[in-house]
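What follows is a single structure, written as structure tokens, with notes after it.
The values are calculated or read from the model by the stated rules, or taken from the named source; none is laboratory data. Given the structure is predicted, the values throughout are model-derived calculations rather than measurements. Here the Cβ positions follow ideal geometry from the backbone for every residue, glycine too, while neighbour counts run over all protein chains shown.
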Amino acid sequence: MSINLLHRHVLDDHISGFETDPNPNHLSVIRRPVIFSVLAHAGREAEVAEALWNAEDVAPRFCGPSEWLAVSRTVGAETVAGMLSAIAGASVVDQSDGRVLMEIFGPSVRKILSRCVAVDLHPEVFEEGQSAAMLCCHATANVARTGADTFEIIVPRSLAGSVFEELMEMGREHALTRGFAD
Amino acid sequence: MASLITCPHCGTRPKEEFSIRGAAAPKRPSPTAKDEAWHRYVYVRDNPKGRYQEYWHHVAGCRRFLVVERDNLTHEVFGVTDAAEFERAGAAE
Amino acid sequence: MTSYRLGSGGAVNRGQSLNFTFDGRTYKGFEGDTLSSALLANDQMLMARSFKYHRPRGVVTASSAEPNALMTIGLGSRAEPNARATVVELYDGLAAASQNRWPSLRHDFGAVNDLFSPFLGAGFYYKTFMWPGVLWERLYEPLIRRAAGLGKVTMQADPDRYEKSWAHCDLLVIGAGPTGLMAALAAGRAGIRVVLADEGFRLGGSLLSESAAVGGQPAAEFAAEVVEELASLPNVTLMPRTTVFGWYDDMVFGGVERVQKHVASPSPDLPMERLWRIVAKRAILAAGAEERPLVFGGNDKPGVMTAGAARTYLNRYGVAVGGKVAVFTNGGSGYRTAADLLAKGVDVTAIIDARPQSADPVPDGLRVIRNGSVIATNGRHRIEGLIAERSGFEEVIGCDALAMSGGWSPIVHLMCQRGTKPVWSDEKQAFLAPDVGGAFVAAGSAAGHASLGDCLKDGSAKAHAALDSLGRLVGSLETPEVEGEYDPSFAPLWYVPGARDKAFVDFQNDVHVGDLGLAQREGFRHIEHTKRYTTAGMATDQGKLGNVNAAGIVAGMRGVSPAEIGTTTFRPFYTPVSFGALAGTARAEHAAPVRTSPLHGWARKNGATFVESGLWYRSAWFPREGEKTWRESVDREVLNVRANAGLCDISTLGKIEIFGQGAAEFLNRIYSNSFLKLPVGRARYGLMLREDGIVFDDGTVSRLSENHYVMTTTTAYAADVLAHLEFSAQTFWRELDVRFVSATDQWAQMSLAGPKARIIMSRVVQEDISDTAFPFLAVRDVTLRGGLKARLFRISFSGELAYELAVPAGYSEAVADSIMDAGREEGICAYGVEALNVLRIEKGHVTHSELDGRTTPDDVGLGRMMAMQKPDFIGRRLSTRFGLTAADRLQLVGLKPIEADKEIKAGAHLLKDGAKPSMANDQGFVSSACFSPTLGHFIALGMLKSGRERIGERVMVWDGLRGSEVLAEVCPPVFVDPENRKLHL
Ligand SMILES: [Zn+2]
């Protein structure tokens, strides 16, 4: 027999039915991003960070002093794995199925997120390109500012449903819409 | 309602992101240390009032153990260091 | 019904009339009214009954300090008790009801309490209902609760949404009166991030009630102009309807925003209230000052209110508080009130001034009784006159309202909420805010400044100081001119002697001067004791109006300064906060986040019943058509796994990826057993101890390559184990190169168990998994048919031939479906954690029911896993202590009932056969029990004193809670396949 490799997104159950056009405030779920944990070994933190920041096609997200997430929406897991495993002093773990990537944007995005995270997201405090691990809707998340009014949120798969529902709830006042990116 | 700890790696965060693991001063004795040393390390804590060093694990952030030096009466925070730095400094003394 | 609404004036929108009801009767008010201003406009002065004596009460203030006018607002599930009518914003259709009266507000049977009031003094309940104790619960408390009380809470679920939000700013300004507006303006213009919060629905504070002119225009218009400018600044956030109720550690302030309390039909897309946590670098308390009532006989009569309240109803709402108003004062506020009333055409009968003289300007033709006092009031449901006294002469003065002023108390609560007491000022005759460090300061009348001009100036000045300390100072101080301001200074007057009726200090709790005296005489002299004994300063208003008077009166009784008496402790919340706001979204099924397994959908599809396990939802059993009880399903699942095969979702186990050259040594120190020589491609069961030698968690470690391991933990301890690893690596053994990260969510993991497991699994994976190629405890990367990469472990918890297959989470449902298809002919079934539990009890495997934080490895028969030849591992040093090696420790045993149909329950105690059932004879307990469908009777695991030596002995299983005694035989803990033949099939 051969297994029919149907891949299910955990939010398939949460996003169903008729999709309307996105409003100005929109939550977009990326269906198949590539996400790797990158761990720098003792004393190799600086060189791993540098290699990661210079790597093409992946966006590094800061988790801790020797840990990052490498995120790609453009290239496949094998390519990313190959690229990352070439970084000396690093160990990598594919988390693409273990993390859910959402992008939230729009004029009210900071207002919505102020109901979800305790961190000050003022652009002078949390600048474009910055990322950090933080509690978001009671789950451990990695939040990155990818644009003036655009944030990327990465959460564990098992909590994604809960976080998604809460984000949508907090966005009701601002007519937040949602959908898969593709 | 809230109190805030400034993580040296992540910035200012609410206490909900941390989990406290108790006094940072006691050092794990060597395996061959005397019974008394092990007894003290495992069971005896001073529980002082006032200035105090304790481990705070930044569970929802960088996942590093931090040593927060604060007044446990007023919650005035005097400093937050990465636990590894703290141990290194302690070992160097 | 007389209308007390003036023909013009005020900040109400006379073009927008609103209907509302009070105790079922319909009234009209205007947009911009509060409930109390609208009721006053409609001649409804009687608004409540008092707490203890059921005395008729009217409104005393126009502020959030209101002690009397508490009402239930809204109907059905939206009914909210104890709302202060003074801060309830009127909306069309508002339904208000009075409280604590029966059958009606005008005719209240409870008022007999007032007749018996000589017996109901302070400490009455303590003295009367002390004995016999048994009556307290059954009789006294229900009786007292029925007689004395506030509003009743609805028993229906709250239909509205609530949420929480964070705000961050450079400067938080609390209060948008003259001081706050000027502070926010100065800071806002300088470009820093400002939050301006005010409990009112219209920003402006006392400026809205002020008859003076500011900056050449009416004060209210000046306020509106400032608000408009602030609203235009992108760096300023205006937060009306937001009470900052608490000051917490690290300059975090708590606030509650009433988002839709004033809306007739709330929008489902908005919360009813929003709880704010405001993080501020600097904060200015511009909360203003509270006008003190005067404590004189009959001062609680409806129609007696503070002079400032009378001015607010007049100037802000265009409502006269009476047709003939008398004024009783010890300072300038009374004169200003009289002047304002006269200017609007309201009759003022007299000013009774407690002082012998004053420089306050007397309106033309108005009579002033200097050195006078009020000793009694007439009327029942509304004041009809008062008895004034001067130099021993009494005089009745007609009035239908009495404006009183006893001076001003700065509102300093927030600054005293973190343990610092307010400081008495002899000069200001008031308690002032303490110095709490430069980041949080009081300004304006909250800082003891009296006049409007001083407040405006102080607001700007304090903002400049904040800007300076932040290094953001620009521009110079600008303060608008004030024309026609009055001097609000006063002479202290704590108590007016000669009272003919009770002189109330605390209106809400019905505490009068006599109660305070009784408390002193009976020894409850410390102000905190006085508070508890008399109840002064308790309940919803927390003594906002009465506490300072109480301190002054007690000081007078004792002949000391109020400084020596001090105040009671100020605690959050400044005003009551609803549970809804505190809960936010965390209610019902959203009380905690839900964690779902990648196989949740698969389990649901297969009809699973779920059980909560921490945040996780796990599949407990999979009922089939015709099965009536959970036991029937579980028995079938167990038997099927033993006979054929079953598939179980074990994705919730913690999975930690471990890397590094130091990983082997690290694991060797973390576990009690040896890990240095674990070969690549092999898994090993491991025990982690705590440093005190007690088992912490168990699990497996598989070596995937030389320096790469994957650890599994129990579901419950996944987070604790990761933290334990991190702590050990970051603090104990920093020299070891080891890194880890949780991959729990990446992998779906399923256990395929049963004698037919291999034949089914071999249809799914491409590799050879024969016993030779893939023996017990082997681990490898595999490729599934169809090409998916996965990990396969030959590990068994059930005691059967079993595999654990880990696949990337997104594919898990497809893979599980395929395994079910592949095993259909073999009779595969899905099984849940209940069956898994039965399987492991039958096999004698321990879980946290046995590893309960008290057991050593030896206690549970795993003493061989203590690799004492290792120089160090966590728990090694203390594991050899006498107490942990004693021969009479509780040890793991199996138990089976002597009579096969008897049930053994977990939690029951074990006694020697024949021993009297008592804890003195306790020999251990049942840790896990189940019906074993394999054996056809109940079985159990238990912890029994010296248990291993007692195999074959009979013990009594005594369940004292559920009242059962079952005789059982002690047996080895492994009931099924003790030779482990099935594992090596
Ligand atoms: Zn951190």
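Which ones in region C:840-899 are basic (Lys, Arg), farther than 25 Å from residue C:935 by Cα and more than 14 Å from chain B (Cβ to nearest Cβ)? Steps first, answer last, please.
Initial filter on region C:840-899 (basic (Lys, Arg)): C:840, C:843, C:854, C:864, C:870, C:876-877, C:881, C:889, C:896.
Within this subset, residues satisfying the condition of being farther than 25 Å from residue C:935 by Cα are C:854, C:864, C:870, C:876-877, C:881, C:889.
Listed by number, the residues that qualify are C:854, C:864, C:889.
Answer yes or no as to whether residue C:740 is under 16 Å from residue A:93 (Cα atoms), in a strand (DSSP E or B) and either free of Cβ contacts under 8 Å to residues at least 12 places away in the same chain or in contact with a strand residue (DSSP E or B) (Cβ under 9 Å, 6 or more places away or on another chain) (or both).
Details: under 16 Å from residue A:93 (Cα atoms): yes; in a strand (DSSP E or B): yes; either free of Cβ contacts under 8 Å to residues at least 12 places away in the same chain or in contact with a strand residue (DSSP E or B) (Cβ under 9 Å, 6 or more places away or on another chain) (or both): yes.
Considered against the rule, which asks whether it is under 16 Å from residue A:93 (Cα atoms), in a strand (DSSP E or B) and either free of Cβ contacts under 8 Å to residues at least 12 places away in the same chain or in contact with a strand residue (DSSP E or B) (Cβ under 9 Å, 6 or more places away or on another chain) (or both), residue C:740 comes out as yes.
Take residue B:80 and tell me if it is within 16 Å of the ligand (Cβ to nearest atom), in contact (Cβ under 8 Å) with a residue 12 or more places away in the chain, assigned to a strand (DSSP E or B) and surrounded by 13 or more Cβ atoms within 10 Å (Cβ to Cβ). Spell out how you get there, then give the answer.
Working: within 16 Å of the ligand (Cβ to nearest atom): yes; in contact (Cβ under 8 Å) with a residue 12 or more places away in the chain: yes; assigned to a strand (DSSP E or B): yes; surrounded by 13 or more Cβ atoms within 10 Å (Cβ to Cβ): yes.
Here the answer is yes, as residue B:80 does meet what is asked.
I'm told residue A:5 meets every condition in (1) free of Cβ contacts under 8 Å to residues at least 12 places away in the same chain; (2) in contact with a helix residue (DSSP H, G or I) (Cβ under 8 Å, 6 or more places away or on another chain); (3) in the same structural domain as residue A:143 (by TED's automatic domain parsing) except one. Can you identify the failing condition by its number?
It is condition (3) that residue A:5 fails.
How many of the residues in region C:258-271 are away from every other protein chain (no Cβ under 12 Å) and in contact with a Ser or Thr (Cβ under 9 Å, 6 or more places away or on another chain)?
Matching residues across region C:258-271 total 1.
Show the residue pairs meeting these rules: Cβ distance below 8 Å; 6+ apart or different chains; first residue within region C:89-115 and in contact (Cβ under 8 Å) with a residue 60 or more places away in the chain; second residue assigned to a helix (DSSP H, G or I) and surrounded by fewer than 21 Cβ atoms within 10 Å (Cβ to Cβ).
Sorted first by the residue in region C:89-115, then by its partner, the pairs are C:110/C:147; C:113/C:147.
Run down C:906, C:900, C:887 and say which single residue is surrounded by 12 or more Cβ atoms within 10 Å (Cβ to Cβ) and not in a strand (DSSP E or B). Break it down into steps so the answer makes sense when it comes.
Numbers: C:900 fails: surrounded by 12 or more Cβ atoms within 10 Å (Cβ to Cβ); C:887 fails: surrounded by 12 or more Cβ atoms within 10 Å (Cβ to Cβ).
Just one listed residue meets the conditions, C:906.
Which of (1) touching a residue at least 40 places away in the same chain (Cβ under 8 Å); (2) in a loop (DSSP other than H, G, I, E, B); (3) surrounded by 20 or more Cβ atoms within 10 Å (Cβ to Cβ) is the odd one out, the single condition residue C:812 does not satisfy?
(2)
Among the numbered conditions (1) within 11 Å of another protein chain (Cβ to nearest Cβ); (2) of a type in the set (Gly, Ala, Ser); (3) surrounded by fewer than 19 Cβ atoms within 10 Å (Cβ to Cβ); (4) assigned to a loop (DSSP other than H, G, I, E, B), tell me where residue B:60 comes up short.
If we test residue B:60 against (1) within 11 Å of another protein chain (Cβ to nearest Cβ); (2) of a type in the set (Gly, Ala, Ser); (3) surrounded by fewer than 19 Cβ atoms within 10 Å (Cβ to Cβ); (4) assigned to a loop (DSSP other than H, G, I, E, B), just (3) comes out false.
Out of curiosity, is residue A:101 assigned to a strand (DSSP E or B) and either facing chain C (nearest Cβ under 10 Å) or basic (Lys, Arg) (or both)? Break it down stepwise before answering.
Values: assigned to a strand (DSSP E or B): yes; either facing chain C (nearest Cβ under 10 Å) or basic (Lys, Arg) (or both): no.
Against the criterion (assigned to a strand (DSSP E or B) and either facing chain C (nearest Cβ under 10 Å) or basic (Lys, Arg) (or both)), residue A:101 does not qualify.
Kindly indicate the residue of region B:66-77 that is buried (at least 20 other Cβ atoms within 10 Å of the Cβ) and touching a residue at least 40 places away in the same chain (Cβ under 8 Å) and also nearest to the ligand (Cβ to nearest atom) among those meeting that condition. Step through it out loud before you land on a result.
First pass over region B:66-77, keeping only residues buried (at least 20 other Cβ atoms within 10 Å of the Cβ): B:66-68, B:70.
So of that shortlist, the ones also touching a residue at least 40 places away in the same chain (Cβ under 8 Å) come out as B:66-68.
Working: B:66: 7, B:67: 13, B:68: 12 Å.
Of everything passing the filter in region B:66-77, B:66 is nearest to the ligand (Cβ to nearest atom).
Go through (1) within 12 Å of chain A (Cβ to nearest Cβ); (2) among the polar types (S, T, N, Q); (3) under 39 Å from the mean Cα position of the chain (by Cα); (4) surrounded by fewer than 22 Cβ atoms within 10 Å (Cβ to Cβ) for residue C:731 and report which single condition fails.
With (1) within 12 Å of chain A (Cβ to nearest Cβ); (2) among the polar types (S, T, N, Q); (3) under 39 Å from the mean Cα position of the chain (by Cα); (4) surrounded by fewer than 22 Cβ atoms within 10 Å (Cβ to Cβ) applied to residue C:731, the lone miss is (1).
Looking only at residues in region B:34-65 that are of a type in the set (A, V, I, L, M) and within 16 Å of residue C:691 (Cβ to Cβ), which one is nearest to the ligand (Cβ to nearest atom)?
Taking region B:34-65 as the starting set, the residues that turn out to be of a type in the set (A, V, I, L, M) are B:37, B:42, B:44, B:59-60.
Still in the running and within 16 Å of residue C:691 (Cβ to Cβ): B:37, B:42, B:44.
Numbers: B:37: 32, B:42: 28, B:44: 30 Å.
Residue satisfying both the conditions and the ranking: B:42.
Quick check: is even one residue across region C:763-773 part of a strand (DSSP E or B), modelled with pLDDT of 95 or more, over 12 Å from residue C:984 (Cα atoms) and out of contact with any Gly (no Cβ under 6 Å at 6 or more places or on another chain)?
Going residue by residue through region C:763-773, those that are part of a strand (DSSP E or B) are C:765.
Subset that is modelled with pLDDT of 95 or more: C:765.
In the following step, the residues that additionally are over 12 Å from residue C:984 (Cα atoms) were identified as C:765.
Checking the rest, the ones that are also out of contact with any Gly (no Cβ under 6 Å at 6 or more places or on another chain) come to C:765.
Taking every residue of region C:763-773 in turn, at least one turns out to be part of a strand (DSSP E or B), modelled with pLDDT of 95 or more, over 12 Å from residue C:984 (Cα atoms) and out of contact with any Gly (no Cβ under 6 Å at 6 or more places or on another chain).
When region B:1-33 is examined, which residues are found to be farther than 19 Å from residue C:727 by Cα, within 14 Å of the ligand (Cβ to nearest atom) and without any contact (Cβ under 8 Å) to a residue 40 or more places away in the chain?
Correct list: B:4, B:11, B:12, B:14.
Taking into account only those residues within region A:112-124 that are without any contact (Cβ under 8 Å) to a residue 60 or more places away in the chain and more than 16 Å from the ligand (Cβ to nearest atom), which is surrounded by the most Cβ atoms within 10 Å (Cβ to Cβ)?
We begin by selecting, within region A:112-124, every residue without any contact (Cβ under 8 Å) to a residue 60 or more places away in the chain; these are A:113-124.
So of that shortlist, the ones also more than 16 Å from the ligand (Cβ to nearest atom) come out as A:113-116, A:121-124.
Working: A:113: 23, A:114: 20, A:115: 21, A:116: 29, A:121: 19, A:122: 13, A:123: 12, A:124: 7.
That would be A:116.
With respect to residue C:642, determine if the residue is in the same structural domain as residue C:832 (by TED's automatic domain parsing) and basic (Lys, Arg). It would help to see each step written out before you state the result.
On the way: in the same structural domain as residue C:832 (by TED's automatic domain parsing): yes; basic (Lys, Arg): yes.
Yes; evaluated as a whole, the condition is true for this residue.
Looking only at region C:923-940, which residues are more than 41 Å from the chain's Cα centre (by Cα) and either modelled with pLDDT under 95 or in a strand (DSSP E or B) (or both)? Don't jump to the end; show me each part of the working.
We begin by selecting, within region C:923-940, every residue more than 41 Å from the chain's Cα centre (by Cα); these are C:923, C:931-940.
Matches in region C:923-940: C:923, C:931, C:932, C:937, C:938, C:939, C:940.
Here is a list of conditions, (1) under 21 Å from residue C:95 (Cβ atoms); (2) crowded, with 24+ Cβ neighbours inside 10 Å, and residue C:10 meets all of them except one; can you say which number that is?
Here residue C:10 clears every test but (1).
Would you list the helices (runs of 4 or more DSSP H) that sit entirely within region C:568-660 and hold 1 or more residues that are crowded, with 19+ Cβ neighbours inside 10 Å and within 14 Å of another protein chain (Cβ to nearest Cβ)? Even if it seems obvious, please write down each step before you answer.
On the way: elements: C:579-583, C:600-605, C:630-643.
Qualifying helices (runs of 4 or more DSSP H): C:579-583, C:600-605.
In region A:1-97, which strands (runs of 3 or more DSSP E) lie fully inside it and hold 2 or more residues that are within 14 Å of chain B (Cβ to nearest Cβ)?
Working: elements: A:26-30, A:34-40, A:59-64, A:67-72, A:90-94.
Because the criterion is at least 2 residues that are within 14 Å of chain B (Cβ to nearest Cβ), the strands (runs of 3 or more DSSP E) in region A:1-97 that meet it are A:34-40, A:59-64, A:67-72.
Every residue in region C:909-922 that is among the polar types (S, T, N, Q) and part of a loop (DSSP other than H, G, I, E, B), please. So that I can check it myself, show each step before the final result.
Going residue by residue through region C:909-922, those that are among the polar types (S, T, N, Q) are C:918, C:921.
Listed by number, the list holds a single entry, C:918.
Have a look at C:336, C:380 and point out the one that is part of a helix (DSSP H, G or I) and either touching a residue at least 60 places away in the same chain (Cβ under 8 Å) or more than 24 Å from residue C:451 (Cβ to Cβ) (or both). Steps first, please.
Numbers: C:380 fails: part of a helix (DSSP H, G or I).
Among C:336, C:380, only C:336 is part of a helix (DSSP H, G or I) and either touching a residue at least 60 places away in the same chain (Cβ under 8 Å) or more than 24 Å from residue C:451 (Cβ to Cβ) (or both).
Do any strands (runs of 3 or more DSSP E) entirely within region C:239-289 hold 3 or more residues that are more than 19 Å from the chain's Cα centre (by Cα) and over 27 Å from residue C:75 (Cα atoms), and if so, which? Steps first, answer last, please.
Values: elements: C:242-248, C:252-258, C:273-285.
Here the list reads C:273-285.
With the checklist (1) within 14 Å of chain A (Cβ to nearest Cβ); (2) within 21 Å of residue C:701 (Cβ to Cβ) in hand, flag the one item residue C:798 doesn't pass.
For residue C:798, the exception is condition (1).
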